[in-house]
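Chemist: Following this message is one structure expressed as structure tokens.
No value in this document is a laboratory result; all are computed from the given coordinates. Fair warning: this is a prediction, and the values are worked out from it, not measured in the lab. Glycine gets a Cβ as well: all are built from the backbone with ideal geometry, and neighbour counts include every protein chain shown.
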Amino acid sequence: MNRVRLRRLFSHALRTTLATPLLLAGCQGAPDEGAPAPDPGPVDLSQYSEVECANGAPVIAGLTIEPAPDVIQIRTLLEMGMPPGSGIQRRSSEGVECATATDLQACRDQLDSLTVFRGFPGICGNFMGGCDQDFMVTTRGNEVSAYTTAQAVATLLGHIDNPREAAILAYASGYALCGHPALEPGKVRALPDGTFSIISTHASDCDTKVGPTRYELSITASGALTETRRVAVTGPPPECVAIGRRSVGLQAADAGACEDARGHYFADAARLEAVSIHAFLRLREELALHGASQALQDAALTSALDEVRHAEVTTRLALRYGTTPPPPSVAPLPLRPLHEVLLDNTVEGCVRETYGALLAHHQALHARDPEVREAMVRIAEDETRHAALSWDIDAWAESRLSPGERSALQEARRQAVAVLRSEVAVPFDAELRVDAGLPSPEVAAALLDSLEQGLWA
């Protein structure tokens, strides 16, 4: 993609958001954008029941699906980036696999070889190695089907008849209900009007270091889900860093104790910039393996060199604010098939890196700290080139994909945007936001809206 076009899109997005604080302020003056919404207090849970869970997922017994499948299962992808079909395990199962199949062995073989690359969005918050993602599977006669989106699950369930079905739909929509010992379990309540109320406590994940947020949901009998309230249960979580391409196999790391949110932010940024070096060097090898042009390979190498500078700059900023960045840890994994490379490029490049480039331009304009502002001017230009490379790779691959593979890329992009939206909804620390030029949740949502209209639609 021409960098000039990206710059024009970014310029339009930034101009659009300039009015956002004024619109929010109205006649009463602007609120503190960095502060989380006040907790309205504990929800009255006396009418709610705890969501029944098994192996970290809602129990799937007692569903009223027509026509009834032979079996319905919740499965999990244990390791994204592993060979297709590997790393898949069952969380729960109801019924007998292939019970009505006319060719029992063929049905079982199809079930065992089922290949799924993306699961439900939001619960783990990212698409990294080591991150679990769930999906559902049914068999009916000789037919084996996988359901990887909330829309597909809603179609499978049909009319939402009971709290278990409502919980499963919320789970498929990316709301955590089970399995985290530090958070309150999910709650569900059937209301007299036939709707269901769900309470989910989790937060957008950035390397698994997140503060809890309570989500209150309404689900109608037709399967329409509405988020009615979102409340920070404690103070703001550690900040998500969107800049930079994350590498497959990235391992979680602890930045250590840090009272200054700015130090924590730039320490995370420095680690992820260092990780991006690995990501681009790996991308160059994979592009060469699959016959991409020398120009694309060279651009990936240049991007890796850019990330060396970015890591140095953000490390200096972290040290200035009293924090030493942890070293990056990336597990060695074999080079991937083309379709996996392109799925990763769609998520990490066309979505996250593109938003990261726009975010860097926002910081270059708004950071109060002159050293941060100066650093982000250079980083923003580099990240714009990296985003353009992602779209160039996407365009190069277009003719090499089947219609089904193109649909899989579109769905992966849609899910990545949904996850990113949940991440940017978490407010930054007020001092960090001002010094680093980071947007409020409202401005971040507007930036995403602009990208969605101009690129992702």
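Chemist: Inside the stretch 388-405, can you point out the residues that are under 23 Å from THR148 (Cβ atoms) and in a helix (DSSP H, G or I)?
Modeler: First, pick out the residues of the stretch 388-405 that are under 23 Å from THR148 (Cβ atoms): 390, 394, 397-398, 400-405.
Scanning the stretch 388-405 gives SER390, ASP394, ALA397, GLU398, ARG400, PRO403, GLY404, GLU405.
Chemist: Here's another thing I want to ask about it. Got at least one residue in the stretch 406-417 being closer than 28 Å to THR149 by Cα, touching an Asp or Glu at 6+ places or on another chain (Cβ under 7 Å) and surrounded by 17 or more Cβ atoms within 10 Å (Cβ to Cβ)? Full working, then the answer.
Modeler: Going residue by residue through the stretch 406-417, those that are closer than 28 Å to THR149 by Cα are 406-417.
Of the ones still in play, those that are also touching an Asp or Glu at 6+ places or on another chain (Cβ under 7 Å) are 417.
Narrowing further to those that are surrounded by 17 or more Cβ atoms within 10 Å (Cβ to Cβ): 417.
Within the stretch 406-417, one or more residues are closer than 28 Å to THR149 by Cα, touching an Asp or Glu at 6+ places or on another chain (Cβ under 7 Å) and surrounded by 17 or more Cβ atoms within 10 Å (Cβ to Cβ).
Chemist: Kindly evaluate THR384 against the criterion of being closer than 26 Å to ARG320 by Cβ and either in contact with a Leu (Cβ under 6 Å, 6 or more places away or on another chain) or among the aromatic types (Phe, Trp, Tyr) (or both).
Modeler: In short, yes.
Chemist: Name the pairs whose Cβ atoms lie under 6 Å apart, with the first residue in the stretch 362-379 and under 20 Å from HIS12 (Cα atoms), the second among the polar types (S, T, N, Q) and assigned to a helix (DSSP H, G or I), and 6 or more positions between them or separate chains?
Modeler: What qualifies is MET376/GLN363.
Chemist: On to the next question. Looking only at the stretch 272-323, how many residues end up being under 18 Å from MET376 (Cβ atoms), among the small types (Gly, Ala, Ser) and in contact with an Asp or Glu (Cβ under 6 Å, 6 or more places away or on another chain)? Steps first, answer last, please.
Modeler: We begin by selecting, within the stretch 272-323, every residue under 18 Å from MET376 (Cβ atoms); these are 272-274, 276, 303, 306-321.
Okay, now just the ones that are also among the small types (Gly, Ala, Ser), so 274, 276, 303, 311, 318.
In the following step, the residues that additionally are in contact with an Asp or Glu (Cβ under 6 Å, 6 or more places away or on another chain) were identified as 276, 311.
Result for the stretch 272-323: 2.
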